[in-house]
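Student: Just passing along the structure, written as structure tokens.
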Amino acid sequence: MCQCLSLVLSLETEITTISLSSNGTFAGKNYYEFNYNGSDWTMYYDVTANAWKIGLNPDFTNPMFWLATLPMKLDCPDSVNSGVSWVTFGALLITTEEIDCPNRCGNEDRIFKEYNAIKLPQTFVEPDRGLEDCCCKFLVLASSSNNSWENDITSAWIKLSDPNDVITFKLLKNNNPTTYIPTPVPFPNEPNAFYTTINWNDVLQLDGQGCYKLTIIYNISGIIGTLNWGQYDLRPYTIENALSTARIRAVFNGKQEFEDIDFTNSDVVSDIRFNGFIGKRQPNMQLDNIIYNNREMKRVIRENLYQYDIITDPLDECIIKPMIETYLLSENELYISDYNAHNHSYLYNDLPVITEESPEVEYYDFSRKAKLTCKVSDKFKNSRTYY
């Protein structure tokens with residue numbers, strides 16, 4: 001396609017030369033607009049007629065009056081070099097020839113077009129490789145008490161590509177819709193992204209204990225799909241139901257780059273309960289003493305920098321992966337709770353902590369399960385005394 005043309009119109013003794021520059025594209029080819037004898041004309045390619053045409057009409061796809069046609073399927077309406085003549089009316093003669101555009105550096109033969117890319121949620125169905133293993137479920141507990149560590153919360157989120165996209169969060173019990181309806185909430189600082197937070201005590205009151213599945217149904221740029229967020233075994237909170245488990249509660253309020261979602265000012269809360277143990281508190285006391293002239297030693301400052309171990313049982317990827325990639329990585333606030341009978345302390349009830357060291361994962365030969373360990377420490381370093 002040629003960007004610039006020289007148009008010569010000859011009518012008896014009157015010769016008019018016009019330099020044309022492409023005004024855009026139509027039907028995949030450039031079109032050109034110019035003024036002749038006080039009227040606005042357009043030169044464009046007519047796909048139906050397989051010919052270039054010059055017509056008089058602001059809507060050049062339906063000209064009111066023809067000035068000329070160039071009956072050839074050419075990428076460039078160059079009559080001089082192609083050997084094809086313009087068919088005109090009366091004594092008018094027209095020739096066109098491709099020319100170099102003036103100020104070539106600023107007017108290259110390029111057309112800017114912008115297309116909005118879409119990103120679909122990642123879904124993966126695990127193939128059956130012959131292992132006899134049950135589907136992965138999360139244990140969630142709920143209580144009518146006001147104790148936060150007795151009530152589990154689950155949040156789910158998704159980012160769309162366009163304001164016209166549609167999503168629906170659905171909670172199913174035994175593959176049937178529940179009375180409880182998850183509510184989508186927009187992220188304050190992330191356009192086209194939504195989350196929902198499920199308080200399992202509300203679900204317990206409305207639909208009772210049992211097996212639940214949380215899904216996200218989306219329509220992104222006309223593509224309809226379903227994202228399975230997780231399967232959950234809901235039970236009432238009792239000491240017996242909670243035995244041998246531990247729980248991490250996280251509050252997300254930052255930019256999660258790997259999901260490309262800005263959680264800022266949203267304070268999204270979500271829990272993950274797992275079979276395992278949290279405890280083994282170590283004081284890690286920091287000592288600063290001073291010796292006076294009489295050789296007496298006195299305390300200046302002492303501080304306990306408590307650390308705690310998070311230790312899971314051998315678990316499936318559906319639990320280990322979100323612990324590493326979401327809860328221990330993206331938390332702005334982190335709370336730990338333990339429910340084991342053999343724990344040294346029964347006071348780990350939503351204790352505020354922060355990730356202190358990188359999680360470590362231990363893998364086992366010929367098993368899909370893995371064990372995670374991680375050290376966390378007190379969120380507030382105020383266990384100290386000073387002189």
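A short reminder: the numbers here are calculations on the coordinates, not readings from a lab. Note that this is a predicted model, so its numbers are computed, not measured. Cβ coordinates were reconstructed from backbone atoms using ideal geometry, including for glycine residues, and neighbour counts include every protein chain displayed.
Student: Using P(r) over Cα pairs in 10 Å bins from 0, in percent as the read-out, say which of [x] 4, 15, 23, 18, 13, 10, 7, 5, 3, 1, 0, 0; [y] 4, 17, 19, 13, 8, 9, 11, 10, 6, 3, 1, 0, 0; [z] 5, 18, 19, 19, 21, 15, 4, 0 was calculated from these coordinates.
Tutor: Here P(r) over Cα pairs in 10 Å bins from 0, in percent agrees with entry [y].
Student: To make sure I understand, if each residue's beta carbon is the centre and we count other beta carbons within 10 Å, what order do Phe258, Phe187, Phe252 fall in, fewest to most? Before the final figure, lay out each step's value.
Tutor: On the way: Phe258 9, Phe187 19, Phe252 23.
Listed from fewest to most nearby Cβ atoms, that is Phe258, Phe187, Phe252.
Student: With a point put 7 Å past each Cα toward its Cβ, work out how far Phe366 is from Asn147 in nm, to one decimal.
Tutor: 4.3 nm
Student: Considering only the other residues whose Cβ falls under 12 Å of the Cβ of Gln231, what net charge follows from Lys and Arg at +1 and Asp and Glu at -1? Write down the numbers at each step before the final one.
Tutor: Details: positive: Lys137, Lys173, Lys213; negative: Asp233, Asp316.
Here the count lands on +1.
Student: Counting only DSSP beta bridges with both residues in the chain, tell me the antiparallel percent, nearest 5. Working shown, then result.
Tutor: On the way: 111 of 116 bridges.
Bridges in the chain that DSSP calls antiparallel: roughly 95 percent.
Student: Could you work out which residue, out of Lys73, Lys170, Lys371, moves most in a Gaussian network model of the chain, that is, has the largest mean-square fluctuation with Cα springs under 10 Å?
Tutor: Looking only at Lys73, Lys170, Lys371, the largest GNM fluctuation is found for Lys73.
Student: So, in Å, what gap is there between the alpha-carbon centers of the stretch 4-20 and the stretch 338-387?
Tutor: 84 Å
Student: Which FRET efficiency value, to the nearest 0.05, is calculated for Thr16 and Glu317 with the Förster distance at 56 angstrom and r the Cβ-Cβ distance?
Tutor: 0.15
Student: Calculate the all-directions average of the projected area of the stretch 4-106's alpha-carbon convex hull, and give it in nm². Walk me through the numbers before you get to the answer.
Tutor: Values: hull surface 27.3 nm².
Mean shadow area of the hull around the Cα atoms is 6.8 nm².
Student: Given the peptides 306-315, 35-44, arrange them by the average over their residues of other C-beta atoms within 10 Å, most packed first.
Tutor: Numbers: 306-315: 18.5, 35-44: 15.1.
The densest-packed peptide leads the list: 306-315, 35-44.
Student: For the stretch 133-241, what is the relative contact order in percent, using Cα pairs closer than 8 Å and at least 6 residues apart in sequence?
Tutor: Details: 217 pairs, mean separation 38.9, N = 109.
Relative contact order comes out at 36 percent.
Student: Using only Cα atoms, locate the centre of the stretch 128-204 and the centre of the stretch 268-291, then give the distance between them in Å, rounded to an integer.
Tutor: Cα centroid of the stretch 128-204 versus Cα centroid of the stretch 268-291: 29 Å apart.
Student: If you don't mind, there's one more thing I want to ask. Counting each DSSP H run of 4 or more residues in the chain as -39500 (n - 2.57), what helix-only mean residue ellipticity at 222 nm follows after dividing by all residues, to the nearest 500 deg cm²/dmol?
Tutor: Values: 4 runs with 22 residues, N = 387.
It lands at -1000 deg cm²/dmol.
Student: If you don't mind, there's one more thing I want to ask. Using Cα springs under 10 Å in a Gaussian network model of the chain, which residue among Ser143, Ser266, Ser79 shows the largest mean-square fluctuation?
Tutor: Ser79
Student: OK, next. Lys and Arg at +1, Asp and Glu at -1: add these up for the other residues within a Cβ distance under 14 Å of Glu303 and post the number. Spell out each step's value before the answer.
Tutor: Details: positive: Arg299, Arg302, Lys381, Arg384; negative: Asp288, Asp378.
Net charge in that neighbourhood comes out at +2.
Student: Indicate the gyration tensor shape class of the stretch 222-308 (rounded, prolate or oblate), computed on the Cα atoms with a ≥ b ≥ c the square roots of the eigenvalues: a/c under 1.5 is rounded; otherwise a/b larger than b/c is prolate and the rest oblate.
Tutor: It is oblate, given that a/c is not under 1.5 and a/b is not larger than b/c.
Student: If you don't mind, there's one more thing I want to ask. Each residue of the stretch 198-209 in turn: what ³J(HN,Hα) in whole Hz from Karplus with 6.51, -1.76, 1.60 and θ = phi - 60°, glycine and Pro shown as x?
Tutor: Running phi through 6.51 cos²θ - 1.76 cosθ + 1.60 with θ = phi - 60° gives 9, 8, 5, 5, 5, 5, 4, 5, 8, 10, x, 6 Hz.
Student: For the stretch 42-51, just list the computed ³J(HN,Hα) in residue order, Karplus coefficients 6.51, -1.76 and 1.60, θ = phi - 60°, integers in Hz, with x standing in for Gly and Pro.
Tutor: 10, 9, 8, 9, 8, 5, 5, 8, 6, 8
Student: Rank Asn304, Leu20, Leu74 by how far each Cα sits towards the positive end of the charge dipole of the chain (+1 on Lys, Arg Cβ; -1 on Asp, Glu Cβ) and give me just the farthest.
Tutor: Asn304
Student: Specify the residue with the greatest mean-square fluctuation among Leu160, Leu74, Leu351, computed from a Gaussian network of the chain linking alpha-carbon atoms under 10 Å apart.
Tutor: Its mean-square fluctuation being the largest, the pick is Leu74.
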